[in-house]
Amino acid sequence: MSDPCRKSVALPILGQININFYCLSSEVVSLYEKTDEFERQKKIRHLGLISKVFEGASHTRYEYLMLQAGLTDLLDNLHKGSATLSQGDVKIDGKNCMGNGILKTWFLLSNYGHAMNTIGDEKSLLLFSHSQPGFKTNLIAPIRDLKLRQWAIDTIDNFKYVDFHHILSLRRIYKELPRQLDKQNELAKIYKLLLMDANEVGIRVNASKLEQLKKLFKTIRALAIIAIDGHYSHSPITVSLISSIISIETFENTYRGIYLLEQFKPVLSSLHESLYMEKRVLAAQREYEVQSLKYLGNRRKSNSSYENSIQRAMTKGLIDYNECNLKPFFRLKISEKMYEGVSFYEEFKALQNAKNNCEGVEVSLDINPISKMRCADFFINKNEFSPENLPRFVFNISKIIRSKIRYLIDNLSRDLKSLTDEIVDNAVDAGINQKIITDVISNSNKTLASHVWKGFQTEIYPAFKDLFWSILSYFIKDPFQIDIQIPKKEYDIFGMKFPNISLGLSDNINAAINIEKEDKSRAHELNQLLRSVNRSFDGYVLVCLARIVIYNPTKAPNERLVTDIDSCIIKAGKDMAIVELHEAKFLKRNRENRAVKEIRKNIVPVLSNNAKGYRVKKVKGFGGKLVIKCENN
């Protein structure tokens, strides 16, 4: 056992602090020093590729590690004797270990496996292990402990990319300590206690004490993430680090099931949405993955080549990344109701169908571990994608969204059936005639159906609405932006229909016309929209009934408004996409000419080069419209 050691570090958040490493953690510090790991981590930006997008977020993994260790000491010093926060001692297979040392060992080992570009390299290696079985075999081969090896296999098979760095850490432990079996086994044993459930590891340990240490590990990790990532990314939502440490005991109440970690979840979720899963960040991540997979795929399929690739990822990164050519196009948010029963990797593979017969596009899948929301991001390559690719891309995306309806309806229907079955069982137990209660439930089928329809409106409608804005934005040049002008009267402002399924779109527009009947000008605009909607089209039709405002955010507030569009229709088929921007004029005469003139004056100047070939047409009796038509070559 190595002697205790101390490191003195300066952290912007805590200042100059001394950190003591005891018992097993001092052994890991020795391993760090032997492999020059502290210096390697000083070169790793904690946020990896995120620092390419958020330039201020340049803090290192070394700072993050030392902050975790420093917070461990602060908690230990301030809350000794606490029923919920005391680190104390724990016996592992009869050997007494300090809780402080175990926590720091876990933090040291967890950080030992991060690659140079963190998730960028790690997710790329994970993707390659799915496409190349030989690489997967080489990856896990050094892990001698059979239970840890199986854990690694499960992590790869289930595509748990946020845990992949543990696999890299485990293989490093075995490879960096050759012939030192006792040390390998000791570190693997402690690591196993973190990664696996106590009843699975086959180790004699006080389960309740172990769970308390694991809860402390998660709490300290969350505090460090919020503090350091929130600070350097200038997040508007953060926590007071010192206040949290001092007052943590007031939140921790095991009897009542109250824990500080629960209070952090909204902040962590916000960090995922605004930082880790920001669209430009994920564009950079996907670009890196694509280029890395090309690099890995072009190398020899041999164990020595695989080892060199892993070593490259750990020391310098798989590729030299300078510029991102991918631009965010559309994000599909997939709630648990829409993916229950579908594994992450199965979902990822299914999403790749968006690239069928379509050049210059990419797709990624990520998950917010707090909200459990999966995010499918669709990107276009600014050097390879052209308007001719748009019809097929949008049609493929629409099919993917539509496929989610089945999962949504199946899950909602199953939940409702489970509820009704329980009602029937309870009614029978209470002596109520089964036929009577069955009749009551049958009479409630409309209510059940409306519940499913509500799920459709809250889950599917927003997805198509976001797709509508993505398509329209594609044809608007910088710096112009678009927004909705909410009608003063309440009615559905967005509608759609699928191939051979109307979804009541015409009825919705007629209802809006009736609501707006007193405003004859607005009713006239909606009537022009209805005329276009009623034309037959083999594909998906997305409609905005509200006026769309176009503004220039670079101008002074009173000069930002450029123009508005009365309504808009987007039609997407396999081989053709059509965007119609409507301008109606409720005048006694000369409606068409006035509308066309206004379109040319106000709308044409804000169109991007993607709208080449547009046409401005008269709509007899109503006004005019600008039509952008994209066709596959």
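Points to keep in mind about this one:
- Test for Lys571: is it open to solvent by 50 Å² or more (accessible area, probe 1.4 Å) and outside any helix (DSSP H, G or I): no
- Residue in segment 305-314 that is within 28 Å of Ile226 (Cα to Cα), more than 24 Å from the chain's Cα centre (by Cα) and touching a residue at least 40 places away in the same chain (Cβ under 8 Å) present: yes
- Enumeration of residues in segment 485-516 that are part of a helix (DSSP H, G or I), touching a helix residue (DSSP H, G or I) at 6+ places or on another chain (Cβ under 8 Å) and open to solvent by 30 Å² or more (accessible area, probe 1.4 Å): Ser506, Asn510
- Annotation note: Cβ proximity below 6 Å between a residue of segment 22-42 that is under 14 Å from His114 (Cβ atoms) and a residue that is open to solvent by 70 Å² or more (accessible area, probe 1.4 Å) and modelled with pLDDT under 95 (sequence gap 6+ or interchain) occurs for no pair.
- Matching residues in segment 59-93 - criterion: being open to solvent by 50 Å² or more (accessible area, probe 1.4 Å) and either touching an Asp or Glu at 6+ places or on another chain (Cβ under 6 Å) or not hydrophobic (A, V, I, L, M, F, W, C) (or both): Asn77, Lys80, Gly81, Asp89, Lys91, Asp93
- Verdict on Arg589 being free of Cβ contacts under 8 Å to residues at least 12 places away in the same chain, touching a Pro at 6+ places or on another chain (Cβ under 7 Å) and open to solvent by 40 Å² or more (accessible area, probe 1.4 Å): no
Conditions tested, residue by residue: (1) under 15 Å from Val606 (Cα atoms); (2) open to solvent by 10 Å² or more (accessible area, probe 1.4 Å); (3) modelled with pLDDT under 95.
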| site | (1), (2), (3) |
| --- | --- |
| Glu518 | no, yes, yes |
| Gln528 | no, no, no |
| Ser532 | no, no, yes |
| Asp538 | no, yes, yes |
| Val543 | no, no, no |
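- Subset of segment 201-241 (residues that are without any contact (Cβ under 8 Å) to a residue 24 or more places away in the chain and either closer than 19 Å to Gly56 by Cβ or of a type in the set (Val, Ile, Thr) (or both)): Pro236
- Looking only at segment 89-148, and only at residues there that are over 26 Å from Lys301 (Cα atoms) and hydroxyl-bearing (Ser, Thr, Tyr), the one that is nearest to the chain's Cα centre (by Cα): Ser110
Residue-wise test of (1) under 25 Å from Gln285 (Cβ atoms); (2) more than 27 Å from the chain's Cα centre (by Cα); (3) open to solvent by 50 Å² or more (accessible area, probe 1.4 Å).
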residue	(1), (2), (3)
Ala152	yes, no, no
Asp157	yes, no, yes
Tyr161	yes, no, no
Phe164	yes, no, no
Arg171	yes, yes, no
Pro178	no, yes, yes
Lys183	no, yes, yes
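- Among the residues of segment 185-217, the ones that are assigned to a loop (DSSP other than H, G, I, E, B) and within 31 Å of the chain's Cα centre (by Cα) come to 2 in all.
- Answer from Ser30, Ser25 - the residue that is closer than 19 Å to Tyr174 by Cα and touching a Gly at 6+ places or on another chain (Cβ under 6 Å): Ser25
- Residue selected from segment 326-344 under the condition open to solvent by 40 Å² or more (accessible area, probe 1.4 Å), in contact (Cβ under 8 Å) with a residue 40 or more places away in the chain and charged (D, E, K, R), by the criterion nearest to Glu359 (Cα to Cα): Lys327
- 2 or more residues over 30 Å from Lys294 (Cα atoms), in contact with a Phe, Trp or Tyr (Cβ under 9 Å, 6 or more places away or on another chain) and not hydrophobic (A, V, I, L, M, F, W, C): qualifying helices (runs of 4 or more DSSP H) within segment 10-125: 23-34, 61-78, 99-112
- From the list Ser502, Ser403, the one residue that fits, being at pLDDT 60 or above, of a type in the set (Gly, Ala, Ser) and under 26 Å from Phe379 (Cβ atoms), is Ser403.
To keep it simple, each residue is scored yes or no on (1) without any contact (Cβ under 8 Å) to a residue 24 or more places away in the chain; (2) at negative phi.
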{"residue": "Asp93", "(1), (2)": "no, no"}
{"residue": "Gly120", "(1), (2)": "no, yes"}
{"residue": "Ser124", "(1), (2)": "no, yes"}
{"residue": "His130", "(1), (2)": "no, yes"}
{"residue": "Pro142", "(1), (2)": "no, yes"}
{"residue": "Asp154", "(1), (2)": "yes, yes"}
{"residue": "Tyr161", "(1), (2)": "no, yes"}
{"residue": "Phe164", "(1), (2)": "no, yes"}
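- Scanning segment 69-87 for residues that are closer than 18 Å to Ile190 by Cα and in contact with a Lys or Arg (Cβ under 7 Å, 6 or more places away or on another chain) returns Ala69, Thr72.
The values are calculated or read from the model by the stated rules, or taken from the named source; none is laboratory data. On a predicted model such as this, the values are computed, not experimentally measured, just so you know. FYI the Cβ positions are ideal-geometry reconstructions off the backbone, even for glycines, and counts take in every protein chain you see. For accessibility, only protein heavy atoms count, side chains too; no ligands or nucleic acids. Shrake-Rupley method; radii C 1.70, N 1.55, O 1.52, S 1.80 Å.
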